[in-house]
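Here it is, the structure in full.
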Amino acid sequence: MAHLCGLCLALRGDHGQFARVATNYDGLVISVLVEAQAGRSDGWRRTAGPCPLRGMRTASVARGEGARLAATVSLVLASAKVRDHVADGDGALARRPVAAAARRVAGRWDRAGERSGAALGFDTALLLDAVGRQAELESHAGPGTPLLTITEPTETATAAAFGHTAVLAGRPGNRAPLEEAGRLFGRLAHLLDAVEDLAEDAETGAWNPIAATGADLAEVRRLCDDAVHGVRLALRDTEFAGKGSGRLAHVLLVHELERAVDRTFGTTGCAHTGHDSGTPESSYGPPPSPWITPGGPGGAPPEPPGRRRGLLAGCLVWTGLCCTCQVCCRDPYHDPWSGQPREGLCHKCSDCCDCCDCCSNCGDCCSCDCCDGCDCGCDC
């Protein structure tokens with residue numbers, strides 16, 4: 001929550017109130033990685049004033065270059081997705097006046113992100129170039145085209161963002177492994193988004209990389225599992241500030257990514273040891289993928305699950321849910337854009353060992369390394 005609020009406040013501080021709609025869960029990983037490598041100091045936290053999204057409570061929030069880089073990346077990628085929605089004529093953006101206004105907002109966000117990125121030594125042109133290649137790749141894709149050809153722009157964008165956290169933290173030796181982690185993170189986000197939208201895209205005739213290339217879902221699942229494994233290996237090669245400093249990064253980039261794959265494919269299992277029960281898991285919806293789709297820590301409308309909204313309508317619903325604290329306290333709530341069930345923030349586990357079922361259920365067979373650098377005393 002400290003990193004999520006820090007991202008939101010960095011967007012407001014650097015780019016204005018409306019930019020806060022670009023707040024997203026995945027973007028805060030950038031802030032987490034910077035802090036994990038640099039270590040905490042007196043300047044890495046501040047007390048923020050009361051906020052409706054926190055039930056009018058104050059909170060200790062992340063600040064500094066990590067939060068600002070997260071804000072820059074989130075804003076630039078959100079602007080690219082806004083243009084994509086305009087080009088597709090999604091929802092209200094099919095209307096010319098609304099589309100024109102959205103294009104102006106996207107242009108302002110591009111310029112603002114470029115300025116803030118330059119102040120941090122980060123070239124946002126890398127992100128814009130990667131996103132710009134996406135449409136061209138999709139237009140030439142067909143049966144037999146490798147899925148990894150289509151996911152390359154997303155992989156490149158996230159690799160650049162992850163790698164720059166090592167520069168900001170003063171650990172240049174971490175740049176290569178973190179770029180690899182970011183590349184695989186981007187691949188996973190793109191593929192999970194495609195799996196989530198596959199049925200609806202088939203009904204509406206929208207372009208979907210899995211359908212366009214004729215890829216088998218078993219192959220998609222293999223690519224996702226390989227990406228999760230690769231992220232874990234890359235984190236092992238990353239040097240963090242001290243004992244326990246990489247704990248939150250491990251939770252988000254190992255445990256939560258594994259859960260995301262299981263939720264999206266409708267299975268549960270001990271991903272660390274390769275077990276997969278194959279049982280449906282209906283209590284969770286697919287994970288949000290803001291690297292692909294902007295929007296934020298969204299909640300749900302009181303409408304029936306499964307209803308789709310346009311970008312602006314979803315933002316309005318998200319604002320209402322945040323102001324009524326449903327995003328934090330309701331379990332589940334429903335995503336304002338997709339209508340899928342989500343788990344409230346207050347119900348999410350932040351303890352490394354508690355977040356891994358294999359530590360409590362598998363005994364000696366657990367090889368997930370989730371307790372490395374953890375003082376919880378868990379025997380696994």
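Nothing in this text is a laboratory measurement; each read-out follows from the coordinates by a stated rule. Predicted model, so just to flag it, every value in this text is computed and none were measured. Note that each Cβ is placed from the backbone with ideal geometry, even for glycine, and that neighbours are counted across all protein chains shown.
Output the peptides 227-238, 18-29 sorted from most to least packed, where packing is the average of other Cβ atoms within 10 Å over each peptide's residues. If you can, show how the numbers build up before the last one.
Working: 227-238: 19.4, 18-29: 24.5.
The most tightly packed comes first, giving 18-29, 227-238.
Further, regarding this structure: As an exercise, take the mean of 1/r over every pair of distinct alpha carbons in region 62-193, invert it, and state the Kirkwood radius in angstroms.
Values: mean 1/r = 0.0635 Å⁻¹.
So the Kirkwood estimate lands at 15.7 Å.
OK, next. Just rank I150, I30, fewest to most, by other beta-carbon atoms within 10 angstrom.
Working: I150 22, I30 27.
With the sparsest Cβ surroundings first, the list reads I150, I30.
Please list, in chain and number order, the residues 5+ apart from H334 or on another chain whose amide H is under 5 Å from its amide H, with Hs placed from the backbone.
Under 5 Å from the amide H of H334 lie the amide H atoms of A300, R342, each far enough along the sequence or on another chain.
Here's a follow-up. What percent does the relative contact order of region 2-297 come to when contacts are Cα pairs within less than 8 Å and at least six residues apart? Present the calculation step by step, with values, prior to reporting the outcome.
Numbers: 469 pairs, mean separation 64.2, N = 296.
Reported relative contact order: 22 percent.
Same structure, new question: When D90, D216 are ordered from fewest to most other Cβ atoms inside 10 Å of their Cβ, what list results? List each step's numbers first, then the result.
On the way: D90 17, D216 10.
In increasing order of surrounding Cβ atoms, one gets D216, D90.
Do you know the relative contact order of region 28-114, to the nearest whole percent, from alpha carbon pairs under 8 angstrom that are 6+ apart? Don't skip to the end; give the middle numbers.
Values: 84 pairs, mean separation 22.0, N = 87.
Result for region 28-114 is 25 percent.
If we sort 45-52, 333-340, 5-12 on the protection proxy, mean other Cβ atoms within 10 Å, highest first, what's the order? Write down the numbers at each step before the final one.
Working: 45-52: 13.5, 333-340: 23.0, 5-12: 26.0.
Result, highest mean first: 5-12, 333-340, 45-52.
For region 2-297, take the alpha-carbon Rg, divide it by the Kirkwood Rh, and send me Rg/Rh. Please report the intermediate quantities before stating the final value.
Numbers: Rg = 18.8 Å, Rh = 19.7 Å.
Radius of gyration relative to Kirkwood radius: 0.96.
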